[in-house]
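Reviewing the structure listed below.
The numbers here are math on the coordinates, done by the rules we state, and not lab data. Predicted model, so just to flag it, every value in this text is computed and none were measured. Glycine also receives a Cβ, built like all others from the backbone with ideal geometry; neighbour counts cover every protein chain displayed.
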Amino acid sequence: MGTDRKRHGAKLKCDVALEAIKGAKTINEIAMNYKIHPGQVSQWKKHMQEALLEAFNTKKQQGDASGVLVPQLYEEIGRLKFELDWLKKKIAKFN
């Protein structure tokens, strides 16, 4: 029978990937320290680099998306203000 695969937590993966990105130690040294395969270290490093790139791209896209929403929000505010003013006039007529 085969052996069960080891499951590593997010903290360990993050620590290993950061250490690999820093480059102070070789991939093999990091793998020996954490008792994992060097290929796994390389994979986590690559995954983190891609995720970091995505994080910065996402922020830029969110900023662009908010620019599209601003006119819609102002339109909604104007509509609600108009309705509130109309209601105030109606209430004033009844008093």
Here, residue 57 and residue 7, labelled 7 Å along Cα→Cβ, have an inter-label distance in nm of 3.0
Two pseudo-spin positions, 7 Å from Cα along C-beta at residue 95 and at residue 79, lie apart in nanometres by 2.8
So, relative contact order of the chain in percent, Cα under 8 Å, 6 or more apart, is 20
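One-quarter of the Cα convex hull surface for the range 10-94, in nm²? Working shown, then result.
Values: hull surface 36.1 nm².
Averaged projected hull area, Cα only: 9.0 nm².
Where does the chain land at 222 nm, in deg cm²/dmol rounded to the nearest 500, when only DSSP H runs of n ≥ 4 count, each adding -39500 (n - 2.57), divided by all residues? Walk me through the numbers before you get to the answer.
Numbers: 3 runs with 78 residues, N = 95.
Helices in the chain give a 222 nm mean residue ellipticity of -29000 deg cm²/dmol.
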Listed by chain and number, the lysines with an alpha carbon less than 22 angstrom from that of residue 6, same-chain partners under 8 positions apart left out, are 35, 45, 46
Along the dipole axis of the chain (charges at Cβ: +1 for Lys and Arg, -1 for Asp and Glu; origin at the Cα centre), the most positive-end residue among 24, 94, 55 is 94
